[in-house]
Amino acid sequence: MENRYAIVLAAGQGTRMKSKKYKVLHPVLGRPMVQHVIDQLQALQLKKVMTIVGHGAEQVKQQLGESSEFVLQEEQLGTGHAVKQAAPMIGNEQGVTLVVCGDTPLLTADTLAALFDQHVQSQAKATVLTTTITDPTGYGRVIRDDDGNVAKIVEHKDATSDQLLVNEINTGTYCFDNELLFDALNKVSNDNAQGEYYLPDVIEILKQANETIAAYQTTDPDETIGVNDRVALAKAEKVMKNRINLEHMRNGVSIIDPDNTYIGPSVRIEQDVVVEPGCIINGETIIRTGSIIGPHTEINNCVIGENTIIKQSVAADSDIGNNVNIGPYAHIRPEATIGDEVKIGNFVEVKKANIENKSKVSHLSYIGDAEIGKNVNVGCGTITVNYDGEKKYLTKIEDDAFIGCNANLIAPVTIGKGALVAAGSTINKDVEADALSIARSKQVNKQSYAKRINKHK
Ligand code: UD1
Ligand code: CA
């Protein structure tokens with residue numbers, strides 16, 4: 001196969017977003033737009049992927065990391081100028097170069113591969129990915145000659161009133177013969193409405209040099225949305241959400257209300273999982289078969305076992321076992337490891353804690369920096385007192401222990417295997433295995449006192 005390269009344009013500020021955040025870093029389903037583009041390129045076996053950076057260069061580099069090389073475009077003089085910055089890296093190489101914008105997050109690897117293939121098969125020197133849409137406002141128009149061949153691309157702002165009626169648009173995605181691309185870029189001028197060096201002008205330049213130009217039309221205009229403002233961003237979110245939800249449903253996941261379910265692109269869900277309305281599931285989350293998530297649950301970067309139920313809760317960066325019952329209204333914070341058949345009930349917060357099989361924290365508790373063994377019962381309102389204002393300390397509760405309601409366990413402290421802590425105790429010394437520990441003042445009942453006090457009222 002010939003050498004294949006890709007150039008991703010990501011140097012613009014994105015003025016129309018009206019944002020401090022650089023345009024290509026705005027997320028679609030929790031993942032920056034330019035990352036979606038790079039994700040799709042990954043499948044294409046390219047010799048080199050280069051991202052043109054300028055505004056927000058450091059942030060874009062940090063986001064993409066090893067998956068791309070970077071070329072700095074110091075001044076943003078247009079898309080043609082942007083591509084030209086890659087000349088020192090590949091300007092003299094033979095091969096095919098794909099150019100794609102960092103603000104078209106919905107393009108798929110399949111479409112890009114088909115574009116490459118058609119370009120090579122047709123022996124064209126440039127192939128434009130085009131589509132036909134009902135409202136082409138803002139896009140470059142594809143102008144064809146009398147024989148129906150692509151003659152040039154005209155930007156919206158430079159178009160005549162006749163050209164504005166054309167519904168076939170430039171998606172901003174192209175394949176070029178690499179050497180001819182960089183030759184032609186030297187001939188692009190900035191004599192146009194925006195005073196910019198336009199990449200699409202390369203098409204007309206090559207056409208006039210009698211090179212073969214082709215178009216590859218995709219029938220799904222949703223895939224080629226260019227996100228220039230927040231309206232398009234919301235549309236892209238909707239399209240991607242539907243695309244991902246459909247795939248999960250086809251794989252055997254029940255999504256009760258797909259319009260109100262947001263699942264990120266790297267989430268894996270096994271069959272016979274039910275996702276109730278109002279869930280947001282993101283990051284590298286895995287949900288195993290038979291689990292029920294939601295309603296109204298937010299999950300980020302968690303592994304969730306089989307037949308687990310999580311209702312009206314928030315969970316992040318944690319491992320949750322099989323047959324676990326969580327919520328409603330629980331908060332599982334980072335670095336929690338929750339074993340099988342555990343119960344985490346309402347208004348319980350868990351952070352950096354390991355809770356082993358069959359233990360229960362059923363109501364109104366804070367469990368932070370803790371190791372809880374098997375078959376432990378943590379009574380309602382119990383708190384691990386983990387922080388002295390400076391440092392955090394560990395609470396250990398060994399297997400089969402029973403912690404009565406409203407206990408304070410002042411860390412560092414260990415409650416031994418099978419021990420019992422009486423309700424209302426504040427414990428700051430270790431409790432041996434099988435011991436009963438009571439740490440509260442003795443109850444005193446004073447006969448008839450209530451009556452006497454009530455008389456004075
Ligand atoms: C561009 C195309 C238009 C096409 C549309 C598809 C041009 C001149 N126009 O318009 O024909 O219909 O995309 O979505 O190419 N960028 C740089 N450096 C620059 C300028 C832009 O890296 O100097 C990057 C931007 O960050 C962006 C991409 O290039 O990711 C496209 O630029 P943008 O300003 O969004 O172009 P459009 O006006 O959408
Ligand atoms: Ca754009």
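The values are calculated or read from the model by the stated rules, or taken from the named source; none is laboratory data. Note that the structure is a prediction, hence the values are computed from the model and not measured. Note: ideal-geometry Cβ built from the backbone for every residue, glycine included; neighbour counts use all protein chains shown. Surface accessibility is based on the protein's heavy atoms, side chains included, excluding ligands, DNA and RNA. Shrake-Rupley method; radii C 1.70, N 1.55, O 1.52, S 1.80 Å.
Observations
- Taken over segment 130-168, the criterion of being within 14 Å of ligand 2 (Cβ to nearest atom) and closer than 30 Å to N92 by Cα is satisfied by G140, I153, E155.
- Hey, E349 under 21 Å from I293 (Cβ atoms) and in contact with a His (Cβ under 8 Å, 6 or more places away or on another chain) or not: yes
- From the list D220, D259, D229, D201, the one residue that fits, being of a type outside the set (S, T, Y) and more than 16 Å from ligand 1 (Cβ to nearest atom), is D259.
- Whichever residue in segment 55-73 is open to solvent by less than 20 Å² (accessible area, probe 1.4 Å) and within 19 Å of K21 (Cα to Cα) and, among such residues, is modelled with the lowest pLDDT: G56
- Yes/no for V239 being outside the structural domain of L9 (by TED's automatic domain parsing) and either touching a residue at least 24 places away in the same chain (Cβ under 8 Å) or in contact with a His (Cβ under 8 Å, 6 or more places away or on another chain) (or both): yes
- Within the option set D162, D146, D158, being surrounded by fewer than 16 Cβ atoms within 10 Å (Cβ to Cβ), acidic (D, E) and under 22 Å from G12 (Cβ atoms) holds for one residue only, D158.
- Counting the residues of segment 185-228 that are more than 19 Å from V142 (Cβ to Cβ), surrounded by fewer than 13 Cβ atoms within 10 Å (Cβ to Cβ) and polar (S, T, N, Q) gives 3.
- Put simply, of V166, V188, V154 the only residue that is in contact with a Phe, Trp or Tyr (Cβ under 6 Å, 6 or more places away or on another chain) and farther than 25 Å from A113 by Cβ is V188.
- Which numbered condition N251 misses (of (1) within 21 Å of the chain's Cα centre (by Cα); (2) open to solvent by less than 10 Å² (accessible area, probe 1.4 Å)): (2)
Residue-wise test of (1) out of contact with any His (no Cβ under 9 Å at 6 or more places or on another chain); (2) open to solvent by 60 Å² or more (accessible area, probe 1.4 Å).
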{"position": "G381", "(1), (2)": "no, no"}
{"position": "N386", "(1), (2)": "yes, no"}
{"position": "G389", "(1), (2)": "yes, no"}
{"position": "A407", "(1), (2)": "yes, no"}
{"position": "P412", "(1), (2)": "yes, yes"}
{"position": "N428", "(1), (2)": "yes, yes"}
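- Residue list for segment 97-112, restricted to those being surrounded by 15 or more Cβ atoms within 10 Å (Cβ to Cβ) and away from ligand 2 (no atom under 16 Å from the Cβ): T97, L98, T108, T111, L112
- Only residues that are within 16 Å of ligand 2 (Cβ to nearest atom) and either at pLDDT below 95 or on the phi > 0 side of the Ramachandran plot (or both) were counted across segment 23-42, and they come to 0.
- Test result for A232, out of contact with any Pro (no Cβ under 9 Å at 6 or more places or on another chain), within 15 Å of ligand 2 (Cβ to nearest atom), hydrophobic (A, V, I, L, M, F, W, C) and not assigned by TED's automatic domain parsing to the domain that holds I292: yes
- Qualifying residue in segment 31-45 (condition: touching a Phe, Trp or Tyr at 6+ places or on another chain (Cβ under 6 Å), more than 15 Å from ligand 1 (Cβ to nearest atom) and in a loop (DSSP other than H, G, I, E, B)): no
- Within segment 1-19, the set of residues being more than 10 Å from ligand 1 (Cβ to nearest atom), open to solvent by 10 Å² or more (accessible area, probe 1.4 Å) and either at pLDDT below 95 or within 30 Å of Q121 (Cβ to Cβ) (or both) comprises M1, E2, N3, R4.
- Scope segment 163-183; condition among the hydrophobic types (A, V, I, L, M, F, W, C), closer than 16 Å to I133 by Cβ and in contact (Cβ under 8 Å) with a residue 12 or more places away in the chain; matching residues: L164, V166, I169
- Any hit, segment 339-353, residues being at positive phi and either open to solvent by less than 20 Å² (accessible area, probe 1.4 Å) or of a type in the set (K, R) (or both): yes
- Here the condition is being of a type outside the set (F, W, Y), open to solvent by 50 Å² or more (accessible area, probe 1.4 Å) and at positive phi; of Q94, Q45, it holds for Q45 alone.
- Pairs with Cβ under 8 Å, 6+ apart, first in segment 142-162 and small (G, A, S), second open to solvent by 60 Å² or more (accessible area, probe 1.4 Å): A151/R144; A151/E204
- Criterion violated by Q76 - all others in (1) open to solvent by less than 10 Å² (accessible area, probe 1.4 Å); (2) within 16 Å of ligand 2 (Cβ to nearest atom) satisfied: (1)
- For V83, the test of being touching a Ser or Thr at 6+ places or on another chain (Cβ under 9 Å), within 16 Å of ligand 2 (Cβ to nearest atom), over 21 Å from G264 (Cα atoms) and not polar (S, T, N, Q) is passed.
- Elements of type helices (runs of 4 or more DSSP H) contained in segment 172-265, each with 1 or more residues being over 19 Å from I153 (Cβ atoms): 178-185, 230-250
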